[in-house]
1. When the range 1-56 is examined, which residues are found to be out of contact with any Leu (no Cβ under 9 Å at 6 or more places or on another chain) and among the basic types (Lys, Arg)?
2. If you take the residues in the range 40-64 that are modelled with pLDDT under 90 and outside any helix (DSSP H, G or I), which one is nearest to Arg23 (Cα to Cα)?
3. Would you tally the residues in the range 140-163 being surrounded by 12 or more Cβ atoms within 10 Å (Cβ to Cβ) and of a type outside the set (A, V, I, L, M, F, W, C)?
4. Please work out which one of (1) without any contact (Cβ under 8 Å) to a residue 24 or more places away in the chain; (2) open to solvent by 70 Å² or more (accessible area, probe 1.4 Å) is the condition Thr185 fails and give its number.
5. Could you give me the residue pairs with C-beta distances under 6 Å whose first residue belongs to the range 137-148 and is assigned to a loop (DSSP other than H, G, I, E, B), whose second residue is modelled with pLDDT under 90 and of a type in the set (S, T, N, Q) wherever it lies, and which are 6+ apart or on separate chains?
Amino acid sequence: IVAMGSNLSMTRTPDVHFVAEGRHHGAKLVVLSPDFSQVSKYADWWIPVNAGQDGAFWMAVNHTILKEFHVDKQTPYFINYLTRYTDAPFLVVLQKSGDGYDAARLLRANRLTRYQHVENGDWKFLVFDRSKREPRMPLGTIGFRWQKEKGQWNLEMKDGLDGSEIDPVLSFLNAHDEVLEVNITEFASGRVFKRGVPVKYIETIEGRIPVATIYDLLMAQFGVGRG
């Protein structure tokens with residue numbers, strides 16, 4: 001358990017007993033705090049951070065999780081959760097920029113012929129279905145929240161048109177059309193790195209465009225090597 005930005009004993013009094021119980025059951029507690037706060041004194045590790053170190057810490061944690069539990073070995077718990085309950089499999093349009101590509105907007109449902117006339121199509125987003133080998137529009141994205149028909153705003157991997165099951169592809173790594181160099185900005189220094197991202201080409205009403213999953217862009221952002 002990592003506590004940061006909050007002195008649990010002082011500001012989260014109704015919740016702090018959960019931390020104590022977690023430690024009793026074997027959890028380790030790390031506190032990132034510039035001062036030796038009340039919660040720091042019963043932590044396993046107190047890290048007296050300076051400005052910016054907490055962000056660097058979490059970037060390192062994210063890199064480790066992605067590398068050790070997604071690349072070095074596949075951990076079903078993490079893979080299944082990301083696939084079913086997060087935006088990680090959703091498709092992002094890549095736009096040409098200089099000698100590389102920029103990650104632009106999420107691919108909108110009404111850019112495809114199949115969903116061109118759906119209500120709020122500019123706010124319903126797409127994943128790539130493994131069995132049908134084409135984009136599909138799962139229930140529950142923001143366009144469903146504000147449509148006339150109510151009760152469809154829970155994220156479900158079912159097609160918003162016909163209710164058929166969707167098996168979303170989390171990564172195009174092993175089934176890509178091409179690998180494109182995507183510009184990744186490192187905001188602390190302002191430098192731009194180019195990293196290879198696997199993509200699929202999708203036919204839209206505006207023509208053929210490259211798309212990547214958020215998951216693959218996340219891997220590129222964190223510099224996790226996958227060959």
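The values are calculated or read from the model by the stated rules, or taken from the named source; none is laboratory data. All figures in this text were calculated on a predicted structure; none of them were measured in a lab. Because the Cβ atoms are built from the backbone with ideal geometry, glycine has one as well, and the counts that use them run over all protein chains shown. Just so you know, the surface numbers come from the protein's heavy atoms only, side chains and all, with ligands and any DNA or RNA stripped out. Shrake-Rupley method; radii C 1.70, N 1.55, O 1.52, S 1.80 Å.
1. Of everything in the range 1-56, those that are out of contact with any Leu (no Cβ under 9 Å at 6 or more places or on another chain) and among the basic types (Lys, Arg) turn out to be Arg12, Lys28, Lys41.
2. Val49
3. 10
4. Condition (2) is where Thr185 drops out.
5. Here the result reads Gly140/Asn154, each pair linking the range 137-148 to a residue that is modelled with pLDDT under 90 and of a type in the set (S, T, N, Q).
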